[in-house]
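Worksheet: the structure to be examined is printed underneath.
Bear in mind that the values in this text are calculations on the coordinates, not laboratory data. Source: prediction; values computed, not measured. Please note: Cβ atoms are built from the backbone with ideal geometry, for glycine as well, and neighbour counts cover all protein chains shown.
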Amino acid sequence: MKNSLLLTLWAVLCLASQVAADEQRPNILFAFADDWGKYASCYARVDGSDSINATFETPTIDSIANQGTLFKHAFVTAPSCTPCRSSLLSGQYFYRTGRGAILQGAIWDPEIPTYPLLLQKAGYHIGQTYKVWSPGTPSDAPYGGRATAFESAGGSFNRFSQQVSGQNKSVEDAKEVLLEEVRNNVRSFLKARPEAAPFCYWWGPTNVHRKWIKGSGKELWGIDPDELRGKLPKFLPDVHEVRQDFADYLGEARAFDAGLKAVLEVLGETGELDNTVFVISGDHGAPGFPRGKCNLYDFGTQVPLIVSMPGQPQPRVVDDFVNLMDLAPTFLEIGGVQPPQVMTGKSLLPVLESDKNGQVDPQRDWVVMGRERHVAGVREGFLPYPQRAIRTKEYLYIINFKPDRWPMGAPLAVTKDSIPTTQELENNTFICFGDLDASPTKAWLIENRHNTKWQQHYDWAFGKRPMEELYVLAEDPDQVNNVAKKLKYSKVKTELKERLMNELKSTGDPRVTGDGSTFDKPPFTDPFKRN
């Protein structure tokens, strides 16, 4: 009888302990911007006062960085939206996600676990507003489809500069209409939450994705293109048209920041701010600019990552290398869920719980990235442009498996003596070099391709590339001087290639296992084949 009472008491205490643990589990807010590279004013503190990040302000993001951890070396596994998001949701390299590894024709394999649904099973209220994993039908979605979408107030924020510029009202009043949309969408998510349940919310506006209104950076946010003079990376022409295009891009990052403030305002109404983990990042680099989106250079793969944990005593800046697939096991551990063994990502929780600056985990000193296909049909036979890369603190090493293919897609309408009109180049991505979004920068480069001053920039943007690339980052931060053929770096190149290939083989990359042609065959090369 005594033992029975003790067992009963023990069971009650265990249940009470579990309930208490559930009550203490933090909420998770993930703010994830489309096409947003490492551009936020809080990064000026590590990049320097002469950097692009010192030319504009992101006050909301900065306020979270000022009470959180700023990561200097965060990278995506693939610089294209669908494979990046598939990797992030699954906690695995993009090439392990089947049809989730491609943009058009993507179908999700329901056998692949995803962190939101695992958290949901563990009692979290999950939901998203705007973009998470867009291709396919709701049943294909790794986040759970329409049941988790909270957009009752609309999706106009995704076309921020178009909406604000097109209103018959003041700029500030037009902005407020969109910010109230954000607030109401968040309120609808919180209203649906079961009582006392922690939440995991993905806020993913697409406004930073093209296309935006030309001149909106200055008109809506006061970002002067001339302040970018001398600050653009070497592969971008330092001319007014390109500076204005980049200022407009920064303006959309500024709009993302304003929308995030609206999200926080609603959370503040609920008293949930002190029990919420805030994570801010983007899915790859800048669209419509050479060597950004769809490229394995830093301009295409490096993203912001700011994390604020409840009760963090002071802000930190860390040097640890992070691949965004690391977020899935991190979110699971925060929610008290054991990450599945299939996840190749590594939880950041030990880094986040440390009080150190600089390098926290000595093993986090490199990341691996890759690319296959972005949009379909930009090369003959719907073929991809297969690349893999390893990035360390000192070097970037890239393998281009098929150097005979056009990295940004075929020239198509661009011939020796003929080019499309400026309007076509600014509005039609697929008229030429279809993996580089239509933009004023793309148009300017193509129109000036015969000018000897800019031929190198044109080649950096669109030219074919050698099988191997190696960049020494201390001497060449913009990664334009390929030293792969220099004898001086042969040992470094061999070591990096070996480390890269070992990681690809050990994690089952179809590009390097078997005959290596998986991604060159249907259904990967047939965007319309659904079964």
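Structure summary
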quantity	calculated
Scattering profile of the range 278-352 at q = 0.21 Å⁻¹ [log10 I(q)/I(0), Debye over alpha-carbon scatterers]	-1.00
32 Å Cα-Cα threshold exceeded, pairs from Lys234/Lys497; Lys214/Lys402; Lys38/Lys346; Lys293/Lys491; Lys121/Lys497; Lys218/Lys393	Lys214/Lys402; Lys121/Lys497; Lys218/Lys393
Cα-based shape type of the range 308-417, given that a ≥ b ≥ c are square roots of the gyration tensor eigenvalues and the cut on a/c is 1.5	prolate
Two-decimal ratio, the range 371-520, of alpha-carbon radius of gyration to 2.2 N^0.38 Å	1.16
Positive-end residue, the chain charge dipole about Cα centroid, Cβ charges, pick of Thr441, Leu178, Ala153	Thr441
Relative contact order [Cα under 8 Å, 6+ residues apart], the chain, whole percent	20 percent
Radius 12 Å from Cβ of Ala101, net charge of other residues (Lys, Arg +1; Asp, Glu -1)	+3
Which labelled figure in (1) 26.2; (2) 23.9; (3) 26.9 is Kirkwood radius over Cα pairs in Å, once derived from the coordinates	(2)
Helical mean residue ellipticity (222 nm; -39500 (n - 2.57) per DSSP H run of 4+; nearest 500) of the chain	-9500 deg cm²/dmol
Nonlocal amide H pairs with Ala33, under 5 Å, H built at 1.01 Å	Ser281, Gly282, Asp283
Net charge contributed by nearby residues that have their C-beta within less than 11 Å of Lys38 (K/R +1, D/E -1)	-1
